[in-house]
Every structure is written in structure tokens, then in C-alpha cells.
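Worksheet for the structure shown next.
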Amino acid sequence: MKKPAASRIDALPQRSLWRLLGVMLLVIAPHLLRLPPWESAAVLALGVWRVVATRRQWPAPHAAIKAGLTILAFVGVYASFGRVWGQHPGVALLVIMLGLKLTELRARRDVVVTVFLLYFLLLTHFLFSQELWTLFYLLACTIAVTAVLADTHHAGGALPARLALRIGGRLIAQSLPLMLLMFLLCPRIPGPLWTLPDDAGAARSGLSETMSPGDVARLASSDEVAFRVRFEGAIPPAADRYWRGPVLWAFDGRSWSAPPQPFTANPPLQLEGPGYRYETTLEPSRTPWLFALDYADASALPERTRLSSDYELMSWKPVNERLRYVAQSQPRHRAQPDLSDRERRRLLTLPAGYNARARALAQSWQQAGGGDRAIVDRALAMFRDEAFFYTLEPPRLGRDSVDEFLFQTRRGFCEHYASSFVVLMRAAGLPARVVTGYLGAEKNPFGDHYVVRQSDAHAWAEVWIAGFGWTRIDPTATVSPARVEQSLGALGSGTRQAREGLFGALDWQTLRYQARSVYDWIDAQWNGLVLGYGTDLQRDLLDRIGLGNWRDMLLALTGTITATLLLIGGLMMRKRRPAAPTDAALRLWRQATRQLQAQGLPQNRGEGPRDFADRVARERPALAAPVRALARAYLQARYEAVEPTSEALRELRLAVDALKR
Amino acid sequence: MNPHLQDAVASLSRIVLGKDRQLRLALSCLLARGHLLVEDLPGMGKTTVALALARVLGLTHHRVQFTSDLLPADILGVSIYETASGNFRFHPGPVFTQLLLADEINRASPKTQSALLEAMAEEQVSIDGQTRALPQPFFVVATQNPSDQVGVFALPESQLDRFLMRISMGYPAAAAERALLTEPERRDLLLGLAPSLTPEALIELQREVQQVRTAPALIDYILALVHHTRAHPALQHGLSPRAALALRHAAQAWALIDGRGSVIPEDVQAVFAAVATHRLQARSAGTAPSAQDILAAVAIP
């Protein structure tokens with residue numbers, strides 16, 4: 001005897017379970033690498049237990065065990081993170097709960113719950129990474145999860161894997177246009193696509209408000225993108241691509257810093273010469289500095305920024321998310337022509353008891369006379385004429401770092417030159433400070449944007465010269481002029497040209513460079529068009545297509561979706577609808593059957609003409625004779641020969657007419 | 001209608017009571033030059049139908065009772081060395097006949113079943129490297145028990161496909177069963193039955209079947225049916241082109257028995273269940289649409 005179906009659990013085919021486990025692993029794999037090791041191990045162990053329990057047909061664990069495990073999971077997450085909410089603990093909880101769900105996976109319903117949990121878990125990946133590969137990975141995951149969902153809903157037996165995947169893929173493909181439409185038109189919350197909670201992400205590399213010997217050199221080996229720039233109109237020559245960042249003025253003998261100053265009114269700034277307007281997309285730096293070409297125009301500052309008294313472009317709060325801003329700069333300028341005594345004192349301060357030789361040298365220049373310009377030139381001449389080398393791997397420096405650099409090692413990176421130059425200037429009585437930032441910008445050959453990487457980090461000096469104001473002096477340029485002309489990455493690979501000659505276009509370095517450019521271009525598009533698609537871009541887009549306000553936009557959204565669905569529905573119905581009859585006999589027959597239908601005698605689908613006539617004769621004996629005659633005439637006309645004879649058609653027409661009467 | 005044909009139908013329904021529809025199907029199967037598979041429980045009159053057909057059509061016939069130890073040579077024949085002449089002489093098996101009644105075909109081993117295959121498809125047999133033609137006309141009428149009985153080898157799809165039709169008898173109606181019990185034995189009646197047709201007349205009728213007209217509209221209908229089965233989600237495979245041809249031939253024969261010179265959709269519908277159901281396989285057991293379901297779902301173009 002078979003058991004009645006109702007009493008059985010809607011059991012799951014084993015094959016579906018293996019698939020579900022596989023897809024689960026796929027979905028949580030990136031998280032497993034981020035979670036505490038005990039949790040990853042526990043989740044994997046649960047999966048293994050599930051496999052063995054299914055194979056050996058072990059009974060389901062007792063409810064008390066399950067409850068105990070759940071409490072343990074909470075305790076474990078709390079112990080690891082110190083709380084059970086927030087980004088990391090939340091994801092950790094979700095993953096472990098998903099693992100625990102395996103202990104009560106019995107019927108189809110449980111699988112459906114698990115699948116929806118998986119969909120939700122997919123979203124959490126965006127909290128950790130919003131790069132392009134994440135998108136593709138998650139798209140593949142979504143298709144796999146949808147395939148499992150389709151498989152689950154298939155009564156009786158698992159679907160073939162390829163069919164299930166095809167169904168999943170087709171469903172996702174069909175939903176893509178709607179997704180795009182919603183993405184473009186749905187009202188957006190101000191802010192980036194994915195707002196990261198405060199505990200997200202570790203410290204980023206980049207420039208900071210202090211600079212010790214070796215800091216910038218460390219950055220030089222980083223290939224990370226600092227920001228991307230798109231110029232509107234003129235593009236500045238390479239020698240003018242100084243991106244101003246933190247300005248450091250306090251020196252403790254070893255490192256430079258920018259201690260907070262009492263707020264002062266912005267010193268006067270006269271800008272001259274050609275101006276550049278550009279849009280910058282800054283990667284999160286976790287500092288408030290924005291980068292602008294020397295010198296940013298105070299009258300055209302981006303929103304929520306200010307210009308500091310040292311002409312730094314500062315955001316109101318640290319940049320924790322990718323930020324896009326438009327700024328305007330003019331490289332020719334007269335900055336702060338007058339310096340107050342207090343300022344002058346501040347910018348001449350040197351720590352006592354350090355770098356005695358350098359100070360003595362500078363003082364000798366001052367006594368030689370000849371004015372401020374002459375002192376600057378003497379210092380630059382020293383860097384140029386004596387055996388100074390520019391290197392990424394300078395020797396370590398001791399207590400009197402400037403003395404050791406100037407008189408012993410003479411090998412250094414931009415920060416050594418900038419730092420010792422400023423010390424010399426101050427010792428010679430010229431107010432000076434160190435400016436850090438980036439130098440250069442590499443054009444992406446595939447897009448119209450320029451990339452500035454962490455390896456472009458640079459430090460230079462500013463000297464206040466009476467009558468001219470602040471003047472930018474880059475001592476590194478006198479030692480290694482090439483540093484200004486081309487980016488550091490290119491400088492490092494000096495053998496490139498030679499290789500190109502040998503291997504032509506197949507050169508490995510060139511290929512790598514091109515691949516990097518392509519990736520950078522794609523990444524820039526992704527950042528700009530998708531991740532950066534916030535309220536502003538949306539408003540721009542909607543304005544451009546004439547849907548500037550919310551009401552129009554919502555109307556358009558509703559209208560478009562409705563119209564699309566109507567169109568799809570219409571097309572499907574059109575496909576289903578039988579073609580209009582071209583056959584004369586069929587047309588006459590339809591005419592007659594329509595008439596009979598109006599009298600409550602419809603011809604059934606799949607009912608032959610003779611059977612139909614017989615049925616009508618049974619149900620409505622009064623119509624028997626004309627309907628039988630009609631069916632006979634129709635069969636004669638339609639099925640007797642390839643083309644109905646005119647005689648047969650006439651007969652049919654008569655029969656149809658007879659029915660009307 | 002052809003008077004001989006009318007006579008044949010009448011004679012048949014005197015032997016097998018109350019099964020006019022099945023008899024007409026069986027007759028149209030043979031007229032369409034197809035082999036017939038009769039499937040039912042033991043004792044439902046399968047063999048009687050087959051014997052009656054042979055008798056009424058005036059065909060020579062042999063009957064082979066298939067058993068699990070039956071060998072191919074038992075059907076096809078065997079060459080035996082004769083000491084007198086010093087030669088091998090071929091002793092033809094029961095297959096050399098006009099109507100072979102293969103009783104309980106699914107009791108034989110697959111090897112023996114497949115020995116029938118060439119005979120059915122090619123109307124010839126190859127034995128000892130020599131091809132021998134079978135008499136004309138040649139029919140196989142096989143009977144089988146439903147395959148969920150004990151001790152049967154279900155026919156594989158390829159072999160099922162060789163049968164133009166599969167019909168099942170079903171229990172007789174009350175009146176027919178009463179007559180069965182009160183009247184003389186069917187076997188005795190069968191012996192007294194005079195043939196209504198000669199083999200030559202049968203071959204002539206087969207030729208007439210091929211001349212029954214099928215209008216484009218009707219071909220469209222057959223195609224619609226076939227395509228419907230191919231797109232049906234519950235079916236493993238749809239009907240093959242051979243099945244579509246079979247459908248046309250069977251419908252032509254049915255129309256001829258009905259006394260018409262052209263096929264109408266009702267003819268296709270009449271033979272559809274017998275021609276199609278044994279060629280269709282459900283994706284999972286018990287979910288296959290019935291022939292009626294398919295007919296009701298496909299609009300006649």
C-alpha cells in the first residue's frame with residue numbers, strides 16, 4: 001500500500017540538496033575569508049555534517065541541541081566582535097545562522113527559506129567590496145541561487161543542472177531591463193550607492209598630516225589610485241601638475257606636521273594666468289584633505305569645502321567614501337604678499353639643538369647677502385652641483401637627519417630634499433614650509449581622464465619671498481628633473497625603451513601597462529557611472545530627458561513599467577492568437593461557428609467539424625439539418641482537395657446562409 | 001464502401017462482440033500496412049481478435065506462443081544438414097507467413113523480440129548471411145500483457161515504434177458478455193467463418209488507402225498535434241516524423257473504412273490514441289497527458 005501523499009513530508013531530492021550546499025558555499029565563500037576562523041570552521045563543519053547525515057540517514061538533531069547551538073553562535077559572535085550589531089558582527093551572525101539552518105533542512109519549504117536568506121546574504125558582499133569583479137561574481141551567484149529556487153519548485157525529481165541554470169539565467173536576464181530602469185529612475189537617497197558603516201574598512205594608505213623620512217617613499221611603491229581627474233577644456237602641462245595636499249610647517253627635528261592653528265582669515269590670493277577647471281574623483285582617504293592644482297580658486301570651491309589659511313582645499317569632514325568634486329585652479333599667482341610678524345615667527349621656527357651644520361651653512365649664505373632670491377639659488381645650486389642622488393631606497397638617517405643627508409648620505413627621495421631645503425631656508429631667515437601632495441597625472445589612453453596614483457606622491461617646498469609672496473620651489477626637480485616630467489612608475493622601469501625595440505608590441509611591460517590602463521578605464525567608468533550615480537547624477541540625467549521633478553519622474557517610472565509590461569503581454573498574446581484565416585472555406589466556417597457560439601453552442605477546442613455538428617444536433621435538434629449540411633459542405637470544401645472548388649465554396653456559402661435563417 | 005470491406009467488418013464484429021471501434025482500428029492498421037500490438041490482461045480476447053483478422057482477411061497465418069526460452073531460430077527458421085543430399089537445407093520458421101500472431105510477445109527474451117524487428121521493418125529476414133523475402137502481405141499481430149505483470153520483458157521504445165498501433169480490448173459490455181456466455185464458443189464460430197477478402201484484394205485495398213486524399217488543412221492538423229507533443233513539458237520526447245507518417249496512414253485507412261475518399265480531422269482523432277500513446281513517454285511517471293487531453297488542447301487549424 002502506498003502511503004497517502006498528504007501525510008508525507010514534501011521531501012527533497014538528494015541531488016537538490018547537494019546543489020543547495022554547493023551554491024551556499026559559492027555565496028558565502030568571500031565571507032568565509034573575512035570571518036573569524038572559528039566561525040568559518042563551524043560553518044564548514046555544519047556543511048560536512050549535513051552531507052554525512054544525509055548519506056547515512058541520521059535523524060535530525062534534537063530541538064535542545066539546535067537551541068544550544070544558536071545561543072553559542074550569538075555568544076561566539078559577541079566574543080569575537082564585542083557586539084552583535086554593525087557590519088562585521090551582523091554578517092557573521094547571518095552566515096552562522098545560515099549554517100545552522102542546515103540542521104533543520106528537511107522539506108522544500110526550508111530550502112525556499114534558505115534561498116531567500118542567500119539572496120539577502122548576497123547583498124552584504126557590497127558592504128565589503130564594490131569593485132567590478134564583485135558585481136560579476138554576485139551576478140553568477142544570483143543566477144545559481146535562482147537556479148536552485150527553480151529546482152526547488154520543480155515537483156518530482158531534480159531538474160537537469162543545465163536546465164535549472166538556464167532557467168535561472170533566463171529569469172535574471174529578463175529582470176535586468178527592469179533593474180536598469182529602477183536603477184536609473186527610482187528616487188535615490190542622498191549619498192553614495194552603498195553607505196559603509198563607521199567600522200568599515202581599515203586605514204587607507206595615502207598622505208597624512210605628518211611626514212617622517214621614508215613616508216612618501218613607502219607610498220611610492222603603492223599602485224593604488226589616489227584620485228582621477230577629468231579636465232574641462234585646457235589641460236595643464238606636466239610641469240604644472242602639482243596637486244596640493246597637506247601643508248606641513250611644524251618641524252621637530254625629524255618629522256614635519258601640521259598642528260591645529262587658531263582660525264585666521266584667509267590670506268589674500270591673487271590668481272593670474274590661464275585657469276583650469278577639472279572634476280576630481282577622490283578615493284576614500286579618511287582625511288579631510290582634497291587635492292587641487294596650485295592654487296585653487298577660492299571663488300569656485302566645491303560644496304562643503306573650505307580653503308585653509310595655507311591654501312589647502314579641505315572637506316568639512318574626513319573623506320570616507322569616494323568623493324567627486326569640481327574645482328578650478330590657476331597656476332600663476334601672488335599668494336599672501338604680506339606676512340605678519342607672528343606668522344613669520346611661526347614659519348621660521350626650528351627646533352634647537354638639531355642639525356647644527358645645516359644651520360651654520362644657511363647662516364653663512366644669509367651673511368653673504370644678495371637677497372632672498374640669491375639664498376634660494378645658492379641652495380638649489382648646491383643640490384644641483386654637488387653629488388646628490390635621487391633614489392627610492394635612501395639610507396636610514398639618525399638624529400640630525402638633515403645634517404646627515406646634506407653632508408653624508410646625499411641620497412634621498414623628494415621628502416628628504418623638501419625637508420632639508422625648508423630647514424636651510426628657515427635657518428637662512430626665509431619663512432618656508434613643506435607641501436605634500438601629488439605630482440603628475442597619467443592619461444588613460446582609453447578614456448579622457450587622468451589617473452593620479454599613490455606612487456605619484458610628492459613633497460616640495462614653499463618659500464615666502466618679500467614682494468612675491470609664497471613661491472613654489474621643488475628641490476627634487478633640480479636633482480632629478482625627470483621626476484617632474486614623467487611619473488615615477490615609468491622612471492623606475494628604465495629598461496622599457498630598450499625592450500620595446502627588441503620585442504616590439506609584444507613587450508611584457510607594455511602589455512602590462514595597457515592592461516592596467518584598460519582596467520583603470522573600466523574601473524573609472526564603474527565608479528563614475530554606477531557607484532557614483534547618486535542624487536546629483538540622477539538629477540542631471542532626469543533634467544536632460546525633461547523629468548526634472550519627482551512627480552514627473554514617478555509618473556515616467558510607473559508609465560514606463562506599465563507600458564513595458566503591456567507591450568510584453570501584448571506580444572505574448574499576439575503570438576498565442578491564431579492567425580487570421582486566409583482560407584475562404586475556413587472564413588465561412590468561422591462565420592457560422594461564431595453565430596452558433598452566440599446561440600450558446602461554442603465549438604470546443606480540438607472538436608472536429610463533424611463531431612461538432614453531431615453535438616449541436618443532439619443539443620438543439622431544431623438545428624440538426626442545417627448544421628449537418630454545413631459541416632458536410634465545410635468538410636467537402638476544406639478537406640476534399642488541395643484548393644476548394646468554387647462549387648464547394650458556393651455550397652458552403654449556401655449552408656452558412658441557411659443557418660442564418 | 002467497398003462491399004468486401006463491409007463484409008469483413010461485419011464478420012469480425014460477429015466474432016468479437018461489442019468491440020466495433022477496436023476492430024475497425026485493427027483493420028485500418030492492417031490496411032495501412034502496419035503491425036498491430038494488442039495489449040490487455042489475459043483472457044480479454046486478444047488472440048481471438050488476431051485469429052479472426054487472419055481468417056476474415058483470408059491470410060495464411062502462424063501462431064507463435066512466446067516464452068522466455070524461445071530462441072530467434074524458433075521464429076525465423078534454421079538450416080539443417082541433410083545427409084542424403086549432402087547439403088544444408090533451410091527449414092523456414094513460422095515467420096514465413098502472411099499473418100504472424102506473436103502471442104504474449106513480452107514474455108520472450110529481448111534477443112528473440114529483436115529477431116522479429118528486421119522482419120517487421122524490412123519484410124525480410126537474414127539467416128546464415130542470406131536474405132529471404134517474406135510473403136506479401138506480411139503482418140505481425142502481437143499481443144502482450146501489461147508490463148506490470150510478473151515475468152515479462154517490456155518492449156523497448158525502438159520496438160514499440162515498429163508497431164503502427166497499439167490497442168487494448170477492455171472488458172466487454174454487459175450485453176456482449178451475456179452473449180459470450182450463452183452463445184457457442186467463439187473458436188468454433190471462427191472455424192466456420194468464411195474469408196471476406198483475398199490477399200490480392202487486400203493488397204488492392206492497401207493501395208487504395210494510399211490514394212485517400214489528405215488536404216493541406218489536414219496535414220496542418222497532424223503537424224499541430226505532433227508539435228504540441230514536442231513542446232509538452234510533461235513529455236520526455238514528442239512524436240517522431242515516423243509517428244506523424246503513421247498518423248496520416250492510419251487516418252487514411254480509417255477514412256477508407258468509413259467509405260470516404262478524403263481524410264477529415266475526426267479520422268485523425270479516431271486513430272490518434274492508438275497510434276500515439278505507445279510512442280510517448282512521460283517525463284515522470286503518471287504525469288503524461290492522455291490522448292484525449294492532447295486532442296482537446298490542439299485547435300484544428
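The values are calculated or read from the model by the stated rules, or taken from the named source; none is laboratory data. Treat the numbers as computed from the prediction; the structure is a model and nothing was measured. Don't worry about glycine lacking a Cβ; one is built from the backbone with ideal geometry, like all the others, and counts go over all protein chains shown. Only protein heavy atoms, including side chains, enter the accessible area calculation; ligands, DNA and RNA are left aside. Shrake-Rupley method; radii C 1.70, N 1.55, O 1.52, S 1.80 Å.
Projecting the Cα atoms of B:Ala8, A:Ala459, B:Pro72 onto the dipole axis of the protein assembly as shown, where Lys and Arg carry +1 and Asp and Glu carry -1 at the beta carbon, places B:Ala8 farthest toward the positive end. In this structure A:Lys443 has an accessible area near 100 Å², from a 1.4 Å probe over the protein heavy atoms.
Relative to one another, the C-alpha centroids of segment B:68-118 and segment A:404-450 are positioned 104 Å apart.
First obtain the Kirkwood hydrodynamic radius of segment B:1-125 from its Cα pairs, then insert it into the Stokes-Einstein equation at 10 °C and 1.306 mPa s, and state the resulting D in µm² per second as a whole number. Once the numbers are plugged in, D ends up at 98 µm²/s. Hydrodynamic analysis of the protein assembly as shown uses the Kirkwood radius over alpha carbon pairs. Inserted into Stokes-Einstein at 10 °C and 1.306 mPa s, it gives a translational diffusion coefficient of 42 µm²/s. When a 1.4 Å probe is rolled over the protein heavy atoms, the share of accessible surface on segment B:3-200 that falls to carbon and sulfur comes to 53 percent.
Taking amide H as placed 1.01 Å from N in the peptide plane, the amide H of A:Phe128 sits under 5 Å from none that are at least 5 places away or on another chain. Starting from segment A:334-431, pick out the GluC sites (Glu not before Pro) whose DSSP state is loop and whose Cβ has at most 12 other Cβ atoms within 10 Å. Sites meeting the loop and neighbour criteria: A:Glu386. The spacing between segment A:596-610 and segment B:1-41, judged by their C-alpha centroids, is 31 Å.
Within chain B, which whole H helices from DSSP have a Cα span along their axis of at least 20 Å and a mean Kyte-Doolittle hydropathy of -1.0 or more, if any? Span-like helices, by this rule, are B:216-231, B:241-257. Using a probe of 1.4 angstrom and keeping all protein chains present, the accessible surface of the protein assembly as shown works out to 50 square angstrom per residue.
Using Cα positions and a limit of under 14 Å, work out the aspartates and glutamates in reach of A:Lys101, with same-chain residues fewer than 8 apart set aside. Correct list for A:Lys101: A:Asp110. Summarising the label geometry, the points placed 7 Å from Cα in the beta-carbon direction at A:Asn549 and A:Arg15 lie 5.9 nm from one another. Carbon and sulfur: what percent of segment A:305-413's accessible surface (1.4 Å probe)? Looking at segment A:305-413 in its full context, I get 47 percent from C and S.
Here is the list for segment B:165-250: GluC sites (Glu not before Pro) lying in DSSP coil, each with at most 15 other C-beta atoms within 10 angstrom of its C-beta, are B:Glu185. Along segment A:220-228 the Karplus relation, 6.51 cos²θ - 1.76 cosθ + 1.60 evaluated at θ = phi - 60°, assigns HN-Hα couplings of 4, 8, 8, 8, 4, 7, 8, 7, 10 Hz to successive residues, with x for each Gly and Pro. Put simply, the convex hull of the Cα atoms in segment A:9-185 casts, on average, a shadow of 11.2 nm². Length gained on full extension, A:Ala238 to A:Leu32: 69.6 nm, using 0.36 nm per residue less the C-alpha separation.
When you work out D = kT/(6 pi eta Rh) for segment B:212-301 at 25 °C and 0.890 mPa s, using the Kirkwood radius from C-alpha pairs as Rh and the Stokes-Einstein form, the result is 187 µm²/s.
Solvent exposure of A:Arg332, expressed as accessible area, is near 120 Å², computed with a probe of 1.4 Å over the protein chains only.
In sequence order, segment A:339-353 has phi-based couplings of 10, 6, 4, 5, 4, 4, 4, 4, 8, 10, 5, 10, x, 6, x Hz under the Karplus curve 6.51 cos²θ - 1.76 cosθ + 1.60, θ = phi - 60°, and Gly or Pro positions carry x. Applying the criteria of a DSSP loop state and at most 13 other Cβ atoms within 10 Å to the GluC sites (Glu not before Pro) of segment A:212-273 yields A:Glu224.
Size descriptor for segment A:584-660, Kirkwood hydrodynamic radius: 12.2 Å (Cα pairs only, one decimal). In segment A:613-661, which residues become less accessible by 50 Å² or more once every protein chain is in place, relative to the chain on its own, using a 1.4 Å probe? SASA drop of 50 Å² or more in segment A:613-661: A:Arg638, A:Tyr639, A:Glu640. Taking amide H atoms as placed 1.01 Å from N in the peptide plane, the amide H of A:Leu248 lies under 5 Å from those of A:Val434, A:Val435, A:Thr436, each 5 or more residues away in sequence or on another chain.
Within chain A, what's the longest stretch lacking chymotrypsin sites (Phe, Trp or Tyr not before Pro) that sit in DSSP loops with no more than 11 other Cβ atoms inside 10 Å? The segment A:317-661 is the longest one with no such site.
A cut-off of 5 Å between modelled amide H atoms, ignoring neighbours fewer than 5 places along the same chain, links A:Thr471 with A:Val463, A:Trp464, A:Ile465. With every protein chain in place and a 1.4 angstrom probe, the accessible-area ranking of A:Met314, A:Met553, largest first, reads A:Met314, A:Met553. Element breakdown for segment B:212-301 at a 1.4 angstrom probe: carbon and sulfur atoms account for 57% of the accessible area. Among the residues of segment B:271-301, those with an accessible-area drop of 50 Å² or more from chain alone to full protein complex, heavy atoms and 1.4 Å probe, are B:Ile300. Once B binds A, the 1.4 Å probe can no longer reach about 1500 Å² of accessible area, counting both sides. Helix A:63-81 and the longest principal axis of the Cα set of chain A meet at an angle near 30°.
If the elastic network links every pair of Cα atoms under 10 Å, which of B:Gly86, B:Gly170, B:Gly129 fluctuates the most in the Gaussian network model of chain B? In this elastic network of chain B, the residue with the biggest mean-square fluctuation among B:Gly86, B:Gly170, B:Gly129 is B:Gly86. For chain A, relative contact order (Cα pairs under 8 Å, six or more residues apart, normalised by length) works out to 11 percent. Residue-wise HN-Hα couplings along segment A:458-470, as the Karplus relation 6.51 cos²θ - 1.76 cosθ + 1.60 with θ = phi - 60° gives them from phi, are 8, 9, 9, 10, 10, 10, 8, 10, 4, x, 10, x, 6 Hz; Gly and Pro carry x.
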